[in-house]
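In what follows, a structure is listed as structure tokens, so that the remarks can point back to it.
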Amino acid sequence: MLQLPLGLISLLNRLRLGESPLAILYYHRVMQQADPFRPDDPTIDAFEQQIAYLSRHFNILTMDDAIARLKSRTLPARSLVLTFDDGYRDNLTQAAPILAKYKAPATVFVATNGLETGILWNDKLTHAIEHSSAAEISLPEISVQLSLAGQAARQLANSQLINQLKFLPQSERDRWVSEVLEQLAVEDFPRLMLNPSELVDLRNQGWQIGAHTHDHSILSCESDEDSAFQIRHSCQRLAEVLDEPVRYFAYPNGLYGRDFGQRECNVVKNLGLEAAFSTNDGGATSRTSTWAIPRFMPFRKQLPLFALSIAKIMGEHE
Ligand SMILES: [Zn+2]
């Protein structure tokens, strides 16, 4: 049923681009059950359906293989790489067994702060907003006034607050996060991120590991020095944990021109990495800059539209 339209779109992509493009998808978490605070993350069941489908209709490659073939223009039609951002523990506990079942390789990009603290700032806020008995969040200095009356208000408060704070420099952002956590008076936080030995376990299962900054800072919001530190430090920390050099990097938030730019591309290049990844829509070809290779996640999650939109988006090229 799907073979024909997929084959047709792939053929058109190849004719128009002069080569078969590469699709790189990015996920974050794979949830035990649906969570209204994380509407974009699939449940285990939805994830397995997607992977079953993708493994039937696409060639799922390791990052190493995909990048080598991208450079030598030898990608097979419908080539696809699976990536996961941030370094969630459920990548090991929920995603890895499903990927192993379908023999699908993957890469995870780790924000190294999570290896030690077990939770990143945005998830700390989400957990506190979900569980606090406070009625509101009030930060008049930055015009934040959010009601926590009811589940819908909490979901809205959560997304609004994270979207506002994430574009601040990391030190300033973390000061506001502390202030909010004080107002919400929640003490215990779950460990959501991989710890160093779990990361080694994932690597030993065949996953490739890339860096994703230390504090998950949006790099364009940082000074030259701080931006370079975030990239360098996450690579060094991962190299220590894995006892091998890091070769790939994904920019947090990831939109070229807004969340990072040529300044960051130069840092990554000078560190001697192999390639770095954005979140701009589109496929990669041999003409794509190695330091800003696009990755995407289709807006449509229903099968078979999920697979068809991947084939369509991977044919888009800047
Ligand atoms: Zn991220």
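The values are calculated or read from the model by the stated rules, or taken from the named source; none is laboratory data. The structure displayed is predicted, hence computed values, not measured ones. Positions of Cβ are backbone-derived with ideal geometry, glycine not excepted, and every protein chain shown enters the neighbour counts.
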The lone exception for residue 217 - which of (1) within 26 Å of residue 27 (Cβ to Cβ); (2) hydroxyl-bearing (Ser, Thr, Tyr); (3) surrounded by fewer than 20 Cβ atoms within 10 Å (Cβ to Cβ) it fails: (3)
Scope segment 278-295; condition within 16 Å of the ligand (Cβ to nearest atom) and touching a Gly at 6+ places or on another chain (Cβ under 7 Å); matching residues: 278, 279, 294
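Rundown of residues vs (1) under 22 Å from residue 216 (Cβ atoms); (2) away from the ligand (no atom under 16 Å from the Cβ); (3) of a type in the set (A, V, I, L, M); (4) out of contact with any helix residue (DSSP H, G or I) (no Cβ under 9 Å at 6 or more places or on another chain), yes/no style:
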| site | (1), (2), (3), (4) |
| --- | --- |
| 63 | yes, yes, yes, yes |
| 67 | no, yes, yes, yes |
| 76 | no, yes, no, no |
| 126 | yes, no, no, no |
| 133 | no, yes, no, no |
Test: residue 107 is under 23 Å from residue 254 (Cβ atoms) and not assigned by TED's automatic domain parsing to the domain that holds residue 40: no
Hits in segment 253-268 (condition: away from the ligand (no atom under 15 Å from the Cβ) and loosely packed, with under 15 Cβ neighbours inside 10 Å): 257, 262, 263, 266
Residue match in segment 117-139 (condition: within 22 Å of residue 255 (Cβ to Cβ), out of contact with any Ser or Thr (no Cβ under 7 Å at 6 or more places or on another chain), loosely packed, with under 15 Cβ neighbours inside 10 Å and not assigned by TED's automatic domain parsing to the domain that holds residue 271): no
Evaluation of residue 186 against (1) part of a loop (DSSP other than H, G, I, E, B); (2) surrounded by 16 or more Cβ atoms within 10 Å (Cβ to Cβ); (3) out of contact with any helix residue (DSSP H, G or I) (no Cβ under 8 Å at 6 or more places or on another chain) (one fails), failing number: (3)
Lone unmet requirement of (1) within 15 Å of the ligand (Cβ to nearest atom); (2) more than 27 Å from residue 156 (Cα to Cα); (3) not in a helix (DSSP H, G or I) for residue 115: (3)
Members of segment 39-65 found to be within 30 Å of residue 152 (Cβ to Cβ), among the charged types (D, E, K, R) and at pLDDT 95 or above, listed by number: 41, 45, 48
Checking residue 146 against (1) in contact (Cβ under 8 Å) with a residue 24 or more places away in the chain; (2) in a strand (DSSP E or B), the condition it does not meet: (1)
Any hit, segment 223-239, residues being under 26 Å from residue 297 (Cβ atoms) and surrounded by fewer than 19 Cβ atoms within 10 Å (Cβ to Cβ): no
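One line per residue, one yes/no per condition, for (1) in contact with a strand residue (DSSP E or B) (Cβ under 7 Å, 6 or more places away or on another chain); (2) assigned to a helix (DSSP H, G or I); (3) without any contact (Cβ under 8 Å) to a residue 60 or more places away in the chain:
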residue	(1), (2), (3)
197	no, yes, yes
201	no, yes, no
210	yes, no, no
214	no, no, no
230	no, yes, no
236	no, yes, yes
249	yes, no, no
253	no, no, no
263	no, yes, yes
